[in-house]
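Bear in mind these aren't lab numbers, they're just calculated from the coordinates by the rules spelled out. Since the structure is predicted, the reported quantities are computational estimates derived from the model, not experimental observations. Note that we place each Cβ from the backbone using ideal geometry, even for glycine, and neighbour counts take in every protein chain shown.
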Amino acid sequence: MFPLGSHSSSTLPELRLRRGEDRRLRAGHLWVFSNEVDTTATPLASFEPGTQVRIVSDRDHVLGVGYLNPATLIAARILARESEARVDRHWIASRLRQALTLRDSLYPSPYYRWVFGESDSLPGLVLDRYGDLVVGQIATLGMERLRAEVEAAIREVLSPTALIWKNDSGARKLEGLPEIVETAWGAIPDETVVLEHLSDGRALTFKVALAGGQKTGWFFDQTFNRSVLPRFLKPGARVLDVCSYAGGWATTAAASGAREVACIDSSLAALQFAERNVAANSSLKAVLHRGDAFDVLSALAEAGERYDAVVIDPPAFIKRRKDIPQGQAAYRKLNQLALRVLEPGGLLVSCSCSHHLAADDLLVAIQGAARHVDRFVQVLHEGGQSPDHPRHPAIPETRYLKAFFCRVTRG
């Protein structure tokens, strides 16, 4: 087998592609699928899982240096385009500095996604910054093999008081990696603080769980969408935050002149954080509804409850391509239920974090729901993921979050 270890790229084993399979990579994509490999010239079984390789076209053009997992559909991911790149601590540190420069130019406080995988040329790595804490996730075997170098680079570039690996995502199972939460150094606090700034410059303070929270503890990808919410809220609005988690949308509404905010979530712990966050940023006390979002919305509609604004920000209903039909039906149903509790002329903020649901398909779901309950929808604003989650223009998979701000009237 080809060996693991740190090499100059000229000594790395070659992974050769089949004829014509270099076009997508030349256009900028970073993934090599297993069926694109010339397995006669370079059998995948010959490589040690996680090893670094030089990726070469059938015409002997070096396309980049990457890492390989022969057991997965995405067999290799490109780290560097330079044919002589040496991927080590110093190389990783340079990428981390580049990513840090972008975020510090965009955010007044150090609370953001520091590294967003392929979009920062560090495939398989996510780092979120909470002031002096960094929470990371490694999703691939190749990046796991570089973990010691990543940790050393983080110390060199930022030297946070704690680095926490929240490696509990299902993606690791596909790579043959265990799901585990642990620290590289420092201690895992039960909770920490996040600052978010509204479009007018005001700062909101949120308490969030780290080890016990969802994802890395907070959804930084919605930061910019939440920041523009006040622009669309009526004074004294009654607002419902569906799938609220720690109450990001509800808290933003409460701090922006809402007269009442309510949260729906299946997690009691999440609702308790939402209650605290609303209280810490306003004089309101959040109304809490624990349960399945579909069931709670149905019950609220039957009870005659009506809101001036409803935000639906559910988890991904479509995680695999084969789930698209069922997921589309779920988005339509959730939007339909939300519209049933929305006052005429009210605001619907409808979100999806499913990569496999295109923005136009979410609009179809919203419009289908509207026609079912005899509503007329006008899209006022379309949002995406915050700029600390930049899109790679050659990698459609890096675009996943959609958020439509809609005015809804009768008929």
Q. Under 20 Å from a point 7 Å along the Cα-to-Cβ line of Leu73: which residues of the range 12-36 have their amide N that close?
A. 18, 21-25, 29-36
Q: Report the residue, chosen from Ile264, Ile164, Ile318, that carries the largest GNM mean-square fluctuation when the chain is represented by alpha-carbon nodes joined by springs under 10 Å.
A: Ile318
Q: Give a quick list of GluC sites (Glu not before Pro) in the range 102-171 that DSSP marks as loop, anything other than H, G, I, E or B, with at most 16 other Cβ atoms within 10 Å.
A: none
Q | Sequence ranges 331-338, 14-21, ranked by mean other-Cβ count within 10 angstrom, highest first | A | 331-338, 14-21
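In the range 284-325, what trypsin sites (Lys or Arg not before Pro) fall in a loop by DSSP, with at most 10 other Cβ atoms inside 10 Å?
Working: sites: Lys285, Arg290, Arg306, Lys319, Arg320, Arg321, Lys322; in loops: Lys285, Arg306, Lys319, Arg320.
Here the sparse-neighbourhood loop sites are Arg320.
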**Q.** For the range 141-189 and the range 352-405, distance of Cα centres in Å
**A.** 31
Q) If each residue's Cβ is checked for other Cβ atoms within 10 Å, how do Lys166, Lys234, Lys173 rank with the fewest at the top? A) Lys173, Lys234, Lys166
Q: Between the alpha-carbon centers of the range 58-115 and the range 297-320, tell me the distance in whole angstrom.
A: 39
Q. What angle, in degrees between 0 and 90 and rounded to the nearest 10, separates the Cα long axis of helix 324-340 from the longest principal axis of the Cα atoms of the chain?
A. 20
Q: Note the angle between two axes, namely the Cα long axis of helix 293-302 and the longest principal axis of the Cα atoms of the chain, as a number of degrees from 0 to 90, rounded to the nearest 10.
A: 10
Q. Separation between the Phe33 and Val364 pseudo-spin-labels, each 7 Å from Cα along Cα→Cβ, expressed in nm?
A. 2.1
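In nm, what is the difference between 0.36 nm times the number of residues separating Lys319 and His90 and their Cα-Cα distance? Intermediate results must be reported in sequence, preceding the final value.
On the way: separation 229, 0.36 × 229 = 82.44 nm, distance 3.52 nm.
That works out to 78.9 nm of additional length.
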Q: Using the Cα centre as the reference, give the magnitude of the dipole from point charges on the C-beta atoms of the range 89-189 (Lys, Arg: +1; Asp, Glu: -1; all else neutral), rounded to the nearest 20 debye.
A: 140
Q: Measure nothing fancy, just the Cα-based angle from helix 359-372's long axis to the longest principal axis of the chain, in degrees from 0 to 90, nearest 10.
A: 30
Q) Along the Cα-to-C-beta direction of Asp374, a point sits 7 Å from the Cα; which residues of the range 316-351 have their amide N less than 18 Å from that point? A) 336-346
Q. Can you sort Val62, Val115, Val239 so the residue with the fewest Cβ neighbours within 10 Å comes first?
A. Val62, Val115, Val239
Q. What is the mean projected area of the alpha carbon convex hull for the range 9-80, to one decimal in square nanometres?
A. 4.1
Q. Using a Gaussian network for the chain with springs between C-alpha atoms less than 10 Å apart, which of these wobbles most: Leu127, Leu68, Leu177?
A. Leu177
